[in-house]
Amino acid sequence: MLRLATRAVSALAAASALALTAITPAGADPLALPAATDIVGVGAGVTETLLTQFSTDYNAFLAASGDTTSARLFSWDTTGTPQITTKTGATPINRPDQSGAGLAVLNATTSSTVDFVRTTRFPGANDLPGNLFVAFAKDAVSWAAPAGGNAPQNLTTSDLSNIYNCRVTNWKQIDPALPDATIVPVLAGHLYVDRWGVTGSPMESSDFLLKAINYPPAGTDGPSDRSCVRVVERGDQGWDALLHDPNAIVPYSVGRFIGQAYRGHSRPGDDPVILTVRSIDGIAPVDSLDRSMSPTFSNTSYGRVLFNVVREADWNSASTTNALRKVFGSTGWICKNAGATATIKSYGFRVLPVGACGSTRHA
């Protein structure tokens, strides 16, 4: 069994490791401790920079309108100190580094600790009925590889399935014109890999891609050896040395990539570095003319809706309805403010149509 701490790396990755291992993402946590009545969130890394910008803009919007009493908006990053005190009076918690961990906090605490969770998936059968998913934007997931490496510009869904199931291990099996080199499929998250497959807790984009290519649960894909997959800790960024292997491929949020690579929304340790996102089934994820997310790609099975999850009881409570719905509701700031709409586009994501933004659902 391969653990994250002992994963194998290529010779090229090892050679560049010294230059990369000291790089860690710069945080953008609240600069001051939020008040007990403020709206505070944790969760998925894909939308953390967007929610940080939302918090800055929304709080400025309130101040400019002379509103000194409404709850302010804050969002905690996935990286930083291991423990965080989310707001005044809250008990310290372990910092959630993905939506699953954030939902666990939401369900184990009250609004005195956390009010919302950033997530990139629809509600599932294992979610609590009281978890209300509020939609606000659209993303998509593709795969990325190092510029100048051996990966082609396009892979099919079948190719991706064969690669991550270790049935195809050399580029020449994809196309005889490609280099004779071993493919290095990579996933991000808290994962274990052995001959039976991948188990554990993948980061959001890796989890989404595995489901999109119908990756079977570990131990259910017959006698074949599925241990070719390698693991990095962080998703949707290219600083890990393993991702500089010319044969590496990794799932990547298209919106996050556009924001990082083309819109200036990257931070040290949190950008694609040499990775570029590639096509699936002949459909490019990024419009080459304006470097925005391709509607055609995001309307395939690789598109996904972005949500913020709140407690339904809080959403419907007379004491909190105004605070939560003023930000996340269908007539709230995110869905109706022109500046918020522009920010969604600037960060690489697609704006949801009227009626979809602010819509709610639960398991």
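The values are calculated or read from the model by the stated rules, or taken from the named source; none is laboratory data. The shown structure was predicted, so the numbers you read here are calculated from the model rather than taken from an experiment. When we count neighbours, we look across all protein chains shown, and the Cβ atoms used for this are built from the backbone with ideal geometry, even at glycine. Ligands, DNA and RNA are stripped out before the accessible areas are found, and what is left, the full protein with its side chains, is counted by its heavy atoms. Shrake-Rupley method; radii C 1.70, N 1.55, O 1.52, S 1.80 Å.
Quick notes
- About its Cα centre, the range 22-160 has a charge dipole of approximately 100 debye under the convention of +1 per Lys or Arg Cβ and -1 per Asp or Glu Cβ, with nothing else charged.
- Descending by average beta-carbon neighbour count within 10 Å, the peptides 256-266, 169-179, 66-76, 85-95 line up as 256-266, 66-76, 85-95, 169-179, the highest first.
- The charge dipole of the chain, taken about its Cα centre with unit charges on the Cβ atoms of Lys, Arg (+1), Asp and Glu (-1) only, comes to about 360 debye.
- Pairs of Cα atoms nearer than 8 Å and 6+ residues apart set the relative contact order; for the chain it is 25 percent.
- Across the range 160-285, the relative contact order, built from alpha-carbon pairs under 8 Å that are at least six residues apart, equals 25 percent.
- ALA356-LEU178 FRET efficiency (beta carbon distance; Förster radius 30 Å; 0.05 resolution): 0.15
- At full extension, ASP29 and ASN214 could sit 63.0 nm farther apart than now, given 0.36 nm per residue minus the alpha carbon distance.
- The range 126-191 - percent relative contact order, Cα under 8 Å, separation 6 or more: 21 percent
- The accessible-area ordering, largest first, of the residues THR300, THR120 stands as THR300, THR120, per a 1.4 angstrom probe.
- Look at the dipole of the chain built from charges on Cβ: of GLY66, ASN154, CYS166, the Cα furthest out on the positive end belongs to GLY66.
- Share of carbon and sulfur in the accessible area of the range 319-362 stands at 53%, probe radius 1.4 Å.
- Of the peptides 245-254, 56-65, the order by per-residue mean of other Cβ atoms within 10 Å, starting with the highest, comes out as 245-254, 56-65.
- Of all DSSP beta bridges in the chain, antiparallel share, percent nearest 5: 75 percent
- Compared with the alpha-carbon gap, the fully stretched path from GLU233 to ARG267 is longer by 10.5 nm at 0.36 nm per residue.
- The rule of thumb for compact globular proteins, 2.2 N^0.38 Å, goes into the C-alpha radius of gyration of the range 81-178 1.62 times.
- Assuming charge only on the beta carbon of Lys and Arg (+1) and of Asp and Glu (-1), the dipole of the range 208-310 about its Cα centre is about 200 debye to the nearest 20.
- Shape class of the range 165-271 from the Cα gyration tensor (axes a ≥ b ≥ c, square roots of the eigenvalues): oblate, since a/c reaches 1.5 or more and a/b does not exceed b/c.
- Carbon + sulfur, % of accessible area of the range 58-204 - ligands and nucleic acids excluded, 1.4 Å: 56 percent
- Accessible solvent surface per residue of the range 183-284, calculated while the other protein chains remain in place, 1.4 angstrom probe, Å²: 32 Å²
- For the listed peptides 339-345, 286-292, a ranking on the average number of other beta carbons within 10 Å per residue, highest first, reads 339-345, 286-292.
- Looking at the range 132-286, the DSSP beta bridges with both ends there are about 70 percent antiparallel.
- All distinct Cα pairs of the range 223-363 go into the 1/r average, and the inverse of that average, the Kirkwood radius, is 17.6 Å.
- The range 122-221: equivalent-ellipsoid semi-axes (sqrt of 5 x gyration tensor eigenvalues, Cα, Å): 29, 17, 11
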